[in-house]
Amino acid sequence: MSEAQEEALRAEARAWLEATFPAWRESVGNPARYNSEQRRAWHRVQAQGGWGAPSWPVEYGGKGFGPVEYAVWAEEKARIGANIPFNVTGFGMAGPTIIAHATELQKKRYLPPLLGGDEIWCQLFSEPGAGSDLANVTTRAQRDGDSWIVTGQKVWSSSAHEADFGILLARYDFDKPKHEGLIYFIVDMRAPGIEVRPLRQISGESEFNEVFMTDVRIPDENRIGEPGDGWRVAMTTLMFERMSIGSATGGYTFPFERLVALARAHGRPGALDRQALAGVYTRYKILDLLNARVLSKLRKGEIPTAEGSILKIALADLISASAALGVRLLGGEGLLLKDGSPTRAFLEAPAFHIGGGTDEVQKNVVAE
């Protein structure tokens, strides 16, 4: 992509966003924090404009964007504040995995309603005894004619309480080495035998869930890849997960401009605040450079590996640092949990050091 093409795309994206987002935001009352239906509504506006999943191939409703084009789009969304996360598992993990590994029939069934914002997805990977050591999953899948009977427990499943479908990693052969006996499914979250129990968080919300499966019947047509391909398919999912989390700066962090405003309104004048703000600003710039490194590798046709893990570590560090500074600047007011406040971001920050692979696991990936 030439520099002229990049600037033309940037101008197109900026014009569409500036003509669309402020009016939409005003129509929903300029909320400090968007609820799930508002997030869905904004996604549908983007989908109707052709921007719902621009990195998807054109034949599946996308624009066929490569990494450079997508980065331009993401930057413009972040600039105007329009990068509102919606169905993160669906677009960041399930969709790319389906495009990479699923059959054409599966793609035609699942991608259009995902793109249209009609079906929510969750990830059913982690178990009480298989989090960082994901290949240790014990959820059992047993063949029964043209179906599989699945029994087991999953935990820390984001949005499972509102999901229509899940991507599931299970074990079909307990005699093979643990990485070889795995199988990967699409599962209907309303199937008989599935029980979802929300887990209450320190923020008062329940975004994570336990999922119990008892003799859940999954049609063989919902299998992605062959039996034994589960680990390979799951690695694709995890690669996209780490990259989507790591590159989502504006969607999860407390905006730097608001930190500066808080420092002016509540802070102590002098070097302490300036030094703390400089530390957060430096983290933002580091994340930008790490994103550029990933894009450079993708431009050459190479697949990022450790880079996705580095991005995720850097984002978690930025989220914690920016939220902690915001709470400190507020002083006593920081004890109040209000929508749009750094206090909420502060309470949610530890999840980014754990979900999608802990910091320690990511560092092992980088080292290896």
Quick check on my filter: what residues within the range 1-15 are under 9 Å from V72 (Cα atoms) and aliphatic (A, V, I, L, M)? L9, A13
Within the bounds of the range 26-41, is there any residue that is closer than 28 Å to G66 by Cα, of a type in the set (V, I, T) and in contact with a helix residue (DSSP H, G or I) (Cβ under 8 Å, 6 or more places away or on another chain)? no
Which numbered condition V150 fails, given (1) of a type in the set (V, I, T); (2) surrounded by fewer than 14 Cβ atoms within 10 Å (Cβ to Cβ); (3) touching a Ser or Thr at 6+ places or on another chain (Cβ under 7 Å): (2)
Can you give me the number of residues within the range 25-37 that are in contact (Cβ under 8 Å) with a residue 12 or more places away in the chain and either of a type in the set (S, T, N, Q) or touching a strand residue (DSSP E or B) at 6+ places or on another chain (Cβ under 7 Å) (or both)? 1
Among the residues in the range 130-153, are any in a loop (DSSP other than H, G, I, E, B), outside the structural domain of G49 (by TED's automatic domain parsing), in contact with a helix residue (DSSP H, G or I) (Cβ under 6 Å, 6 or more places away or on another chain) and under 25 Å from T358 (Cβ atoms)? yes
Can you find, within the range 249-295, the residue that is modelled with the highest pLDDT among those that are assigned to a loop (DSSP other than H, G, I, E, B) and over 14 Å from S322 (Cβ atoms)? G270
Do we have any residue at all in the range 49-68 that's within 22 Å of Y284 (Cα to Cα) and either in the same structural domain as W16 (by TED's automatic domain parsing) or under 19 Å from the mean Cα position of the chain (by Cα) (or both)? yes
Can you find a residue that is at positive phi, crowded, with 23+ Cβ neighbours inside 10 Å and under 19 Å from the mean Cα position of the chain (by Cα) anywhere in the range 314-332? no
Given the conditions (1) touching a helix residue (DSSP H, G or I) at 6+ places or on another chain (Cβ under 6 Å); (2) at pLDDT 90 or above, report the number of the one that V58 does not fulfil. (1)
Filter result (touching a Pro at 6+ places or on another chain (Cβ under 6 Å) and of a type in the set (V, I, T)) within the range 176-230: I183
Could you list all residues from the range 79-133 that are closer than 30 Å to V28 by Cα, polar (S, T, N, Q) and surrounded by fewer than 22 Cβ atoms within 10 Å (Cβ to Cβ)? N83
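Answer yes or no: is there a residue in the range 217-233 that is in a loop (DSSP other than H, G, I, E, B), over 24 Å from E104 (Cα atoms), free of Cβ contacts under 8 Å to residues at least 60 places away in the same chain and out of contact with any Gly (no Cβ under 7 Å at 6 or more places or on another chain). First the steps, then the outcome.
To start, the set of residues in the range 217-233 that are in a loop (DSSP other than H, G, I, E, B) comprises 224-229.
From what is left, the residues that are over 24 Å from E104 (Cα atoms) are none.
Taking every residue of the range 217-233 in turn, none turns out to be in a loop (DSSP other than H, G, I, E, B), over 24 Å from E104 (Cα atoms), free of Cβ contacts under 8 Å to residues at least 60 places away in the same chain and out of contact with any Gly (no Cβ under 7 Å at 6 or more places or on another chain).
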Being within 19 Å of V155 (Cα to Cα) and of a type in the set (G, A, S) is the filter; apply it to the range 350-368 and report the residue that is modelled with the lowest pLDDT. G356
List every residue pair whose Cβ atoms sit under 7 Å apart, with the two residues 6 or more apart in sequence or on different chains, where the first one lies in the range 81-106 and is at positive phi and the second, anywhere, is modelled with pLDDT under 90 and outside any helix (DSSP H, G or I). none
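The values are calculated or read from the model by the stated rules, or taken from the named source; none is laboratory data. Everything numeric in this text was worked out from a predicted model, so none of it was measured. Note that we place each Cβ from the backbone using ideal geometry, even for glycine, and neighbour counts take in every protein chain shown.
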